[in-house]
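Down below is the structure, laid out as structure tokens.
Just so it is clear, none of the values below were taken in a lab; they were calculated from the coordinates. What you are looking at is a predicted structure, and each value in this text was computed from that prediction instead of being measured. Every residue, glycine as well, gets a Cβ built from its backbone with ideal geometry; the counts of neighbours run over all protein chains shown.
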Amino acid sequence: LVYDICNSVPKPFSERLYCAIADFLCEYAIGVRQAILGVDEVVPVYAKYWKKYSTATYYLNHICGYLNGLIVKERKGPGVVDKRPFVGQSNYPRQDVQALANQIWSDHVVLEIKHRKRNRLMYQVFETIRQDRDGVPVNASVVHDAILSLVSLNAKTDHPLKLYNDEFETPYIAHTKTYYKTESNIKLSNCTISQYMKSAIDRLSQEGARNSRYCHRTSHARVVQECEIQYISEHQKSIQAEFEKMVANERTEDCSMAYSLLSRIENGIAPLLITYEKHITAVGKGIILGLGTSITKDPREYVERLLDLHSKYMQMCAKVFTNDAAFVAAVDKAFRTIVNDTSTNSAARSPEVMARYTDTMLRKKQKTGLTEAEIEDRLARVVVLFKYIDDKDLFQKFYSRVLAKRLIFDASLSSEAEANMISRLK
């Protein structure tokens, strides 16, 4: 039928058919707009009519495939037409029937509601999402359909997301900012930092799921970023200030939450790294100070307590900070300071103390009460501290001296143990 009308003799009626379709769609769209505005809850009604309209015009476009070919004679991308921009004497641009139908709905429904009825449609969309955030049960599917109609309406234009961005995304991000700015300020005033962080993590998770329910995929990162700004960036100093207490009191869950949140923003974890390093350094120096001159008599407690300290905070890096290289580096910096510090305790000269510790372990008649396997384990671990010694030449000097004595007096535990230790130190 469409083919026959377009090729009628003596005069084809392709342009008249196109204009008739356009006139019908305009009349229908105006009627739909009136029906939508005749109810209090416009979003469900809009979504219902849009679903019917989009399905009908999809099939109409396929039926009018031949007509589309005549009307749109030259394409240079979506919606670009020939030298005669309008069809006949009408104001309808030369585009396929689907693009025409989309434009008519956009002009006569979406934009008319916006300009004449104080944007009731989008106001109710934003209000429904606010209720969702407040925990009120809502009909998410109709809101989703209404929002994504804005994407479909511009799909055949040169800027397919312009209508969606202008009418939904930009104001939605502004609404998101206002909502979470208010909520985060109230939460921080009435909660502990621990409770606040839990709330922030929950909110960010909820917002990610909410984006999937309502928004086009291009909006997800921008909306979540606004939540991060309000819940994390704006209050990062409060979280960072509490981090020292979290580490000192071994509040690992809180440390994990602080890391999880602050790692989402630029330079958020930098103050945590400084705090972490300073705390480890202070604890290490406290151990050294507490040992006093006993280090001179027995180096074992110095080495083994520092090894235990190192193990503790490396495990924390793994379990709490997901093996983040920056936190591992903070442990390394702290231990380099601890191991090379002599101002806290002049007896804690690490090159000499560690050389004497290995001598104690490698002597045949050592009084440690350890098995050979346990001795091997301790010798393997002491290399962890060895790598932090700045003056390795001095360590080598002390180590060579005690090694020579063991060999001269036949006091070595075994030649294999000696060879293994030398190999580890290379």
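Under the shape rule built on the C-alpha gyration tensor, where the axes satisfy a ≥ b ≥ c, the stretch 122-190 is oblate, since a/c reaches at least 1.5 while a/b does not exceed b/c.
The angle separating the long axis of helix 325-339 from the principal Cα axis of greatest extent in the chain is about 20 degrees. What's the angle, to the nearest 10 degrees (0 to 90), between helix 236-248's Cα axis and the longest principal axis of the chain? The helix 236-248 is inclined about 30 degrees to the chain.
Evaluated over the stretch 338-426, the count of Lys pairs having alpha-carbon atoms less than 23 Å apart is 11 (only pairs 8 or more residues apart or interchain). Classify the stretch 83-208: rounded, prolate or oblate, from the alpha-carbon gyration tensor (a ≥ b ≥ c, eigenvalue square roots; a/c under 1.5 rounded; otherwise prolate if a/b is larger than b/c)? The shape class here is prolate. Tell me whether the chain comes out rounded, prolate or oblate; compute the Cα gyration tensor, take square roots of the eigenvalues as a ≥ b ≥ c, and use a/c under 1.5 as the rounded threshold. Prolate.
The mean sequence separation of alpha-carbon pairs under 8 Å and at least six residues apart, normalised by the residue count of the stretch 353-426, gives a relative contact order of 52 percent. Taking θ as phi - 60° and the Karplus parameters 6.51, -1.76 and 1.60, the scalar couplings of the stretch 28-36 work out to 5, 4, 5, x, 5, 4, 5, 5, 5 Hz in sequence order, x denoting glycine and proline. Centroid-to-centroid, using Cα positions, the stretch 213-290 and the stretch 160-204 are 19 Å apart. Maximal additional length on extending the LEU425-THR252 stretch stands at 58.9 nm, based on 0.36 nm per residue less the C-alpha distance. Label reach from SER199 (point 7 Å along Cα→C-beta): in the stretch 223-242, amide nitrogens under 18 Å belong to 227-242. Arranged from fewest to most other beta-carbon atoms within 10 Å of their beta carbon, HIS62, HIS175 become HIS62, HIS175. Before anything else, pin down the relative contact order of the stretch 105-238: Cα pairs under 8 Å, at least 6 apart, normalised by residue count, whole percent. The normalised contact order for the stretch 105-238 reaches 23 percent. Straight-line reach from LYS285: taking Cα to Cα under 17 Å and skipping same-chain neighbours fewer than 8 places apart, the lysines in range are LYS312, LYS333. Taking the charge dipole of the chain about its Cα centre, with +1 at Lys and Arg Cβ atoms and -1 at Asp and Glu Cβ atoms, the residue from ASN190, PHE243, ALA330 reaching farthest to the positive side is ALA330. Seen against the Cα atoms of the chain and their longest principal axis, helix 415-425 is set at about 50 degrees. For the stretch 328-426, the C-alpha radius of gyration sits at 1.11 times the compact-globule guess of 2.2 N^0.38 Å, with N the residue count.
Once backbone amide H atoms are built at 1.01 Å from N, SER412 has LYS364 as its partners under 5 Å, excluding neighbours fewer than 5 places away on the same chain. For LYS198, the lysines whose Cα comes closer than 23 Å to its Cα, not counting residues fewer than 8 places off in the same chain, are LYS177, LYS181, LYS187, LYS237, LYS245, LYS319.
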